[in-house]
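Okay, so here's the structure we're looking at.
The values are calculated or read from the model by the stated rules, or taken from the named source; none is laboratory data. In this text the structure is predicted, and so the values were computed from the model without any measurement. Cβ: placed from backbone, ideal geometry, glycine included. Neighbour counts: every protein chain shown. Accessible surface areas use protein heavy atoms only, side chains included; no ligands, DNA or RNA. Shrake-Rupley method; radii C 1.70, N 1.55, O 1.52, S 1.80 Å.
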Amino acid sequence: MILRAFLAGVVILLVLEGLIFFSVVRNGLIDPRADNGYLPLEKWASRAVFVAIRRDSANLQSPIQPSDDNLTAGIKIYGAKCAICHGASDANASDIAKGLYIQAPQLAKDGVEDDPVGETYYKVKHGMRLTPMPAFGGSLSDDQVWQVAEFLKTMDKLPPGPQAEWKKIPSQANPANASPPVGAPPSTPTPNPSSSTT
Ligand code: HEC
């Protein structure tokens, strides 16, 4: 008798949950804005992502040395692919980084030097589910991903050569360094052919 009541309770709960879920999806009962922080479920799910990455990357060993050449190669990759979200050595966020609702850490300030290098490799190669962090396994070779991971591991104690290379990456907060600001006139005005004819 008790068992039957219990089973009936379970079935009713499942049906209710299904109905609630259906109604949430069907009626769009969600805050759709990307500028309004995490939803509670997203917060828990993103914790789970970090825990799973730590577990799954625990045995990864870097096959390369943090030599000047490898660090410099990693810095160049970072400048081309990562700085737009994770910033240059001034740690000032770009407009793109500011617009992400799951913030991209500005790595010069909030770096990952304390994480195992294999964990950083794993995040860069596979990306991070439920975050804007893309997977680069399809566009970078394994060695390139290790190079960028070794750079991030060593970022706060780079030898002089790589350090100079790191400083060369333009600030992402000031797009004038990289490309003209939107709406700005071109830096060298194009001559107007009609004005030169008399
Ligand atoms: C489109 C923006 C974007 C690009 C491009 C990007 N990332 Fe990320 N990345 C993020 C965001 C957002 C997070 C934060 C995820 C979180 O905390 O849930 C992140 C997280 C990370 C983390 C983990 C930080 C931590 O505290 O654990 C590392 C390491 C990282 N990115 C490295 C890179 C590297 C290296 C590249 C380039 C090869 C790159 N990212 C390109 C957005 C980006």
Of Lys98/Lys157; Lys43/Lys125; Lys125/Lys153, those spanning more than 18 Å from alpha-carbon to alpha-carbon: Lys98/Lys157; Lys43/Lys125
Compute for the stretch 23-129: radius of gyration divided by Kirkwood radius, i.e. Rg/Rh, restricted to C-alpha atoms, rounded to two decimals. 1.04
Order Lys81, Lys123, Lys76, most accessible first, counting only protein heavy atoms with a 1.4 angstrom probe. Lys76, Lys81, Lys123
Ordering Val15, Val10 from largest to smallest accessible area (1.4 angstrom probe), what's the sequence? Val15, Val10
Summing Lys, Arg as +1 and Asp, Glu as -1, what charge do residues with Cβ under 9 Å from the Cβ of Gln172 carry, Gln172 excluded? -2
Given points 7 Å out from each Cα along the Cα-Cβ axis, report the Ser46 to Asn59 separation in nanometres with one decimal. 3.1 nm
Taking Cα atoms only, helix 40-56 is inclined relative to the longest principal axis of the chain by an angle, in degrees rounded to 10, of 70 degrees
For n ≥ 4 DSSP H runs only, could you compute -39500 (n - 2.57) per run for the chain, divide by its residues and tell me the 222 nm figure to the nearest 500? -15500 deg cm²/dmol
Simple SL model, points at 7 angstrom along Cα→Cβ for Leu100 and Leu19; separation in nm is 4.1 nm
Kindly report the accessible area of the stretch 1-142 per residue (heavy atoms of protein chains, probe 1.4 Å, no ligands, DNA or RNA), in Å². 68 Å²
Helix 2-26 versus the longest principal axis of the chain: what angle, 0 to 90°, nearest 10, using Cα atoms? 30 degrees
Estimated inter-spin distance, Ala135 and Ile30, nm [label 7 Å along Cα→Cβ]: 2.1 nm
Got a number for carbon plus sulfur as a percent of the chain's accessible area, 1.4 Å probe? 61 percent
How much accessible surface area, in Å² rounded to 10, belongs to the heavy atoms of Tyr38 with a 1.4 Å probe? 80 Å²
Along its three principal axes, how long is the chain when you only count alpha carbons? Whole Å, largest extent first please. 98, 57, 28
Which value, in debye to the nearest 20, gives the size of the charge dipole of the chain about its Cα centre, when Lys and Arg are +1 and Asp and Glu are -1 at the Cβ? 540 debye
